[in-house]
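Take a look at the structure below.
The values are calculated or read from the model by the stated rules, or taken from the named source; none is laboratory data. Here the structure is a predicted model, which means the values were calculated and not measured. No Cβ is skipped: glycine too gets one built from the backbone with ideal geometry, and neighbour counts run over all protein chains shown.
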Amino acid sequence: MIYLDNAATGGEKPACVQNAVLASMKACANPGRSGHARSVACAQRVLACRELLSELFDGWGAERVVFTQTCTEALNFALLGALEAGDHVVTTCLEHNAVLRPLAALRARGVRYDVAPLKEGALLPETIAALVRPETRMCCVTAASNVTGQSVDLAALRALLPDRVLLVVDGAQGAGHLPLAMKQTGIDALALAGHKGLFAIQGAGALLLSERFTPRPVLYGGTGSDSHSLEMPPFLPDRLECGTLSYPAICSLAEGALFVKSRRAAFARRLLAATAHLARLFGKLRAYRVCFSPNACGIAAFAHESIPSETIAQRLSDEFSIAVRGGLHCAPLAHRALGSFPDGLVRASFSPFQGAEEAEALADALAHIAATAS
């Protein structure tokens, strides 16, 4: 199969990640919960991953790296753990439901939000910043759209926001592809999905926090610290982490992040080249509408003038063994902005291990589908 669904989850894991997972299962213990040698060794491995992520994303130290199961959980921690009645949030039309649904739920608690639109097809920092009110507490934006791969200039946005406004970034698609530097850019919270551009296995998420942002706990339970108290510990990461950590997932994230660290720029160039090549191939295809520009996240979205997106995706799988995703991609406002609601788009998403060969196979298959449309 030609796997072009990497924006949903990375389809190919490097050998170092696979080996790390196997090793973690051969010598597994509960990190930080016991004092025996194996538990301590596992805790040291977890700490090393925190340190690596903080370094990779220009963070505020290992203690401000909180592990989660998913990027969605990390975003829930940042949103539900900080916002309260009377607060206002600025977000964008390109957000995933991992942002939109928590914000919609917070409306019942008296939180209000405004959504920045596209201007001439682009998400502009000034358009977002123009929605800030006196009561605005947070600006929550995606580092890269999971539909089009489009990014916003986060540094320019931070410069336009009042200092009091927290900048929360959904890094699900951007992490591993884009240079997301928290201190340099002024990001207060960065949510990560390890299983995409960071090559980890599923179940590896994280939330990196600035020194001025410590959300309230959203989950409650055992932490292995302050066990005499019925309150969650006041310090990070324990304040937001409860229950047993997914040690195999964290080990995979450590190896995946290390794998990306020295290769990110080269990988970004490959993905930019792959999407640029596919864009050129679409110039020879009839009846398709392109909804992407070349991008370093490897995302390419498109539609046929008469064939539903999910039909194309199914035919690509059944007839050509090409994996893509059709539909709304859990981003309904993005599709409304792009004019592709409610049918959605076909999304092909490349990995850095792919390029012209896969793009050409996809284009050939799409030409055949268009030619045989009834």
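Only one of these is closer than 23 Å to Ser340 by Cα and not acidic (Asp, Glu): Val132, Val115, Val65. Name it. Outline the logic, then answer.
Values: Val132 fails: closer than 23 Å to Ser340 by Cα; Val65 fails: closer than 23 Å to Ser340 by Cα.
Matching residue, one of Val132, Val115, Val65: Val115.
The single residue among Thr244, Thr223, Thr275, Thr214 that is more than 18 Å from Cys71 (Cα to Cα) and not assigned by TED's automatic domain parsing to the domain that holds His329 turns out to be Thr223. Counting only residues that are surrounded by fewer than 19 Cβ atoms within 10 Å (Cβ to Cβ) and under 15 Å from the mean Cα position of the chain (by Cα), the stretch 48-72 holds 1 of them.
If a residue has to be assigned to a helix (DSSP H, G or I) and touching a residue at least 24 places away in the same chain (Cβ under 8 Å) to count, how many in the stretch 19-47 make the cut?
Step one: of the stretch 19-47, the residues assigned to a helix (DSSP H, G or I) are 19-26, 37-47.
Narrowing the set further to residues that are touching a residue at least 24 places away in the same chain (Cβ under 8 Å) leaves 19-21, 23-25, 42, 45-46.
Qualifying residue count for the region: 9.
Only one of the numbered conditions (1) on the phi < 0 side of the Ramachandran plot; (2) at pLDDT 95 or above is violated by Gly203, and that is (1).
When Asp114 is tested against (1) assigned to a strand (DSSP E or B); (2) buried (at least 20 other Cβ atoms within 10 Å of the Cβ), exactly one condition is not met: (2). Look at Thr127 and say whether it is over 26 Å from Ala254 (Cα atoms), part of a loop (DSSP other than H, G, I, E, B) and of a type outside the set (A, V, I, L, M). It is false that Thr127 is over 26 Å from Ala254 (Cα atoms), part of a loop (DSSP other than H, G, I, E, B) and of a type outside the set (A, V, I, L, M).
The single condition among (1) more than 22 Å from Gly205 (Cα to Cα); (2) assigned to a loop (DSSP other than H, G, I, E, B) that Gly59 does not satisfy is (1). Close contacts from the stretch 81-98, counting a first residue that is over 14 Å from Pro117 (Cα atoms) and a second that is of a type in the set (Lys, Arg), with Cβ to Cβ under 6 Å and a gap of 6+ residues or different chains, come to Gly81/Arg216; Ala85/Arg109; Asp87/Arg137; His88/Arg112; His88/Arg133. Scanning the stretch 1-50 for residues that are out of contact with any Phe, Trp or Tyr (no Cβ under 9 Å at 6 or more places or on another chain), of a type in the set (Val, Ile, Thr) and within 16 Å of Ile250 (Cβ to Cβ) returns Val21, Val40. Those strands (runs of 3 or more DSSP E) of the stretch 280-374 in which 2 or more residues are surrounded by fewer than 22 Cβ atoms within 10 Å (Cβ to Cβ) occupy 288-290. Total residues in the stretch 154-170 satisfying the condition of being farther than 15 Å from Ser210 by Cα and crowded, with 22+ Cβ neighbours inside 10 Å: the figure is 2.
Kindly establish whether Glu319 is over 19 Å from Gly344 (Cα atoms) and without any contact (Cβ under 8 Å) to a residue 60 or more places away in the chain. Taking the combined requirement at face value, the residue satisfies it.
Quick check on Ala104: is it of a type in the set (Gly, Ala, Ser), under 17 Å from Val218 (Cβ atoms), surrounded by 12 or more Cβ atoms within 10 Å (Cβ to Cβ) and within 20 Å of the chain's Cα centre (by Cα)? Criteria met by Ala104. Within the stretch 181-198, being surrounded by fewer than 24 Cβ atoms within 10 Å (Cβ to Cβ) and either among the polar types (S, T, N, Q) or part of a loop (DSSP other than H, G, I, E, B) (or both) holds for Ala181, Gln184, Thr185, Gly186, Asp188.
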